[in-house]
Amino acid sequence: MTFDGAKLSRWALTLALAGLGGWAFYLISFPLPWMMGAMAATTGAALLKLPMTVPQKLRDSVMIILGLMLGTGFSPEVPGRLLDWWPGLLALVLYLIVAVTVGMFWYSRKLGCDAPTAYYAAVPGGLSEMVALAIAEKGDEGMVSILHTLRIMVVAALVPWGIRLAQGLPLTGTPGAVHLTSLALGDFGFLLLGAGLGVVAGRLLRLPAYLMVGPMLASACLSMAGLTQVRPPIELIVLAQVVLGGAVGSRLAWIDRDVVKRGLAASLVLVVPMVALAAALSWVVSELAGFDHFAMLLALMPGGLGEMSLIALALNIDVPFVATHHMTRIALVMLVAPVLFRWIQGRRKG
């Protein structure tokens, strides 16, 4: 194995800036400070064209850890609640239809994107999956990547502020969190078992975002079976926030600054009303179905599975409900998006 000093220095710079940004935001009582601070610091450095990147293996490890932590929120009562969540899942489908339709029109009109680029930039799915599908349809993978990145950044920045202020809670803090040293040895064993089983099963079953979804499902099964009652330690929550925030911000380092500016302007104009629509729809559904308003809000938000689930975890908001809705969104997008795009193209040509 050859030593790559340049790559190591990029990793060190990115993680150092991410950690410092998180610490600075923590000191000023910013909501979800470690993720938002890491994102802000690495975004600023990326726009200055500093060489930024987060090691892929570290990102993969954090996704596994995040999946395990999310799975611990699934109590034995969760399976009995699943059938009661159908109004939220129906609202999710309705929201996806509106978001994709409006987004595709806006990106085509505002940025002059071709059909594959506008479509896959508008579909709120996983970043890597949407980029891969855009490439397959000869779209602009750079523009798709930047628009998804900016969408996640804007949503992750707006939502914690609104929820904390609406709850009347301090802007920082992680309700119900414990420290790593308080975990029992048996809980560590169950976490390791969930990680191993989840990664292997997720890969064999070809689950979307399998490094996170597989361990989450394995951990959820252990928790719902009553085999462990472990709670997410604050140290791992902070680590996940710093790495995820740094990974999102550092994506901009390799994209032309003019493209970032154009994409940011278009994203802000589109994402803000989309967040407002999700808020209004979540309020209506929560009132009719008796759901927690904030859980339904996070469930509909057009952010990433990891980011929205992490916000739910950090704010102690019904993690199983939020994670289930976002997993359903990704599954629907992966199954339906390519078929729907070809149908749209066929109608246009016809």
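Please work out which one of (1) modelled with pLDDT of 85 or more; (2) among the hydroxyl-bearing types (S, T, Y); (3) buried (at least 18 other Cβ atoms within 10 Å of the Cβ); (4) under 23 Å from A276 (Cα atoms) is the condition T149 fails and give its number.
(1)
Just one of A115, A121 is over 25 Å from V319 (Cα atoms), among the hydrophobic types (A, V, I, L, M, F, W, C), surrounded by 23 or more Cβ atoms within 10 Å (Cβ to Cβ) and modelled with pLDDT of 80 or more; which is it?
Working: A115 fails: surrounded by 23 or more Cβ atoms within 10 Å (Cβ to Cβ).
Just a single option satisfies the conditions, and that option is A121.
Go through (1) touching a Phe, Trp or Tyr at 6+ places or on another chain (Cβ under 7 Å); (2) surrounded by fewer than 17 Cβ atoms within 10 Å (Cβ to Cβ); (3) of a type in the set (F, W, Y) and name the single condition F321 misses.
Here F321 meets the rest and fails (2).
Each row is one residue, and each column tells you yes or no for (1) part of a loop (DSSP other than H, G, I, E, B); (2) of a type in the set (D, E, K, R).
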site	(1), (2)
A279	no, no
A295	no, no
N316	yes, no
R329	no, yes
L340	no, no
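Please tell me if E307 is free of Cβ contacts under 8 Å to residues at least 40 places away in the same chain, within 22 Å of P160 (Cα to Cα) and part of a helix (DSSP H, G or I). So that I can check it myself, show each step before the final result.
Working: free of Cβ contacts under 8 Å to residues at least 40 places away in the same chain: no; within 22 Å of P160 (Cα to Cα): yes; part of a helix (DSSP H, G or I): yes.
No: the conditions fail for E307.
Looking at the range 185-221 only, could you name the residues that are touching a residue at least 24 places away in the same chain (Cβ under 8 Å) and either over 28 Å from S128 (Cβ atoms) or acidic (D, E) (or both)?
G186, D187, F190
Condition check ((1) among the basic types (K, R); (2) in contact with a Ser or Thr (Cβ under 8 Å, 6 or more places away or on another chain); (3) buried (at least 24 other Cβ atoms within 10 Å of the Cβ)) across all residues:
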site	(1), (2), (3)
P208	no, no, no
L227	no, no, no
L236	no, no, no
L252	no, yes, yes
I255	no, yes, no
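Condition first: over 10 Å from M35 (Cα atoms) and touching a Leu at 6+ places or on another chain (Cβ under 6 Å). Now tell me which residues in the range 234-261 satisfy that.
The answer is E235, V260.
Cβ contacts < 7 Å: first residue closer than 14 Å to D256 by Cβ, restricted to the range 131-153; second residue among the β-branched types (V, I, T) and buried (at least 23 other Cβ atoms within 10 Å of the Cβ), any location; separation 6+ or different chain. Result?
Note: pairs meeting the criteria are D140/T117; M143/T117; T149/V248.
When V230 is evaluated against the numbered criteria (1) among the β-branched types (V, I, T); (2) over 22 Å from the mean Cα position of the chain (by Cα); (3) not in a loop (DSSP other than H, G, I, E, B), which criterion, by number, is the only one it fails?
(3)
The values are calculated or read from the model by the stated rules, or taken from the named source; none is laboratory data. Not measured: the values here are computed from a predicted model. When we count neighbours, we look across all protein chains shown, and the Cβ atoms used for this are built from the backbone with ideal geometry, even at glycine.
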